[in-house]
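*Asks:* Below is a structure I'd like to ask you about.
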Amino acid sequence: MNILLLGIGNVLWADEGFGVRVVEHLQKSYRFPDQVKVMDGGTQGVYLVEHVQAADVLVVFDAVDYGLPPGTLKRVENDDVPHFLGAKKMSLHQTGFQEVLAMAQMLGGYPRHLLLIGVQPEELEDYGGSLRPSVKAQIQPAIDMALDFLRTFGMTAEAAGTDGDLTDPVLDMQRYEQERPSPDQACRIGDERVLQSGAFEARPPQPANDDALLVDIDYRGKY
C-alpha cells in the first residue's frame, strides 16, 4: 500500500502552519518504509492531486476550525474529511484541498483510507508568527495518533537519530522563530507605511454598468 503523510497550511500565519510543522518534525525524527511518503504540501492546492491519487492511505495534518477550545486535537476519517475542511474555511488552502479530493475522486484515484488530524488554532492573524504554545504542544500527539493509525496497516516508523534531518534549514521552526524581525521592522497585521505612502490613491466611485467595475482604490503600480 502507498501511504502519504501530508501536511498542509501556511507557516507565515501562526497556527495556520501546524500541518507543515508536523511534517517537518516527522522528517527530522522518523524514518519510514519506502512505500510511506512524508510531504510538505504547503498551500499547493490542485498541484497535490497526483500525490493524492497515488495514495491508498492518506493522512492529512492541518489547522482546522472545529469550534473547540484552542489547541484541541481532533481526528476525522474518510467521508467526513471534506465536510470538516469546508465547514469553516480559515484560508484558501482548505478550499483548494477540498477541490483536490473532489478531483481525485472524479479521476478515479481516491484514497481507500483517509484520516484528517487537525488542531483548533489559537491565533491566525499574526504574519510571520510561529505556532502558539497550545498548538505547538499538539505536534507530537498528532504524530502519535498518525503512527497508531499506520500500525493498523502493518506500518511502523523508526527513530531517525540525532543526524536525521531531511528538511530545508530555511523551514526549521526554531530558526524561523529566532530570525523573525521586530514589529518595528516588519508590520505583522497590515503595513500602514505602504498604505500611506502614495502608492494607493483614493478616487471617486465610478458608475456601475456592464462595461465598468466599481473601484474605490487605484493602485499606481509603484511597487
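*Asks:* Would you kindly derive the ³J(HN,Hα) couplings of the stretch 19-33 from the backbone phi angles with the Karplus curve 6.51 cos²θ - 1.76 cosθ + 1.60 (θ = phi - 60°), listing them in order in whole Hz, with x for Gly and Pro?
*Replies:* Each residue of the stretch 19-33 in turn: x, 5, 5, 5, 5, 4, 5, 4, 5, 6, 10, 9, 10, 10, x Hz.
*Asks:* If packing is taken as the average number of other Cβ atoms within 10 Å across a peptide's residues, how do 124-137, 47-60 rank, most packed first?
*Replies:* 47-60, 124-137
*Asks:* What is the packing order of peptides 22-33, 173-184, taking the mean over residues of other C-beta atoms within 10 Å and listing the highest first?
*Replies:* 22-33, 173-184
*Asks:* For the stretch 3-177, count the residues as N, evaluate 2.2 N^0.38 Å, and divide the Cα radius of gyration by that value, please.
*Replies:* Ratio of Rg to 2.2 N^0.38 Å for the stretch 3-177: 0.96.
Where a number appears in this text, it was derived from the coordinates with a stated rule and is not lab data. Note that the structure is a prediction, hence the values are computed from the model and not measured. For neighbour counting, all protein chains shown are included, and Cβ atoms are generated from backbone atoms with ideal geometry for every residue, glycine included.
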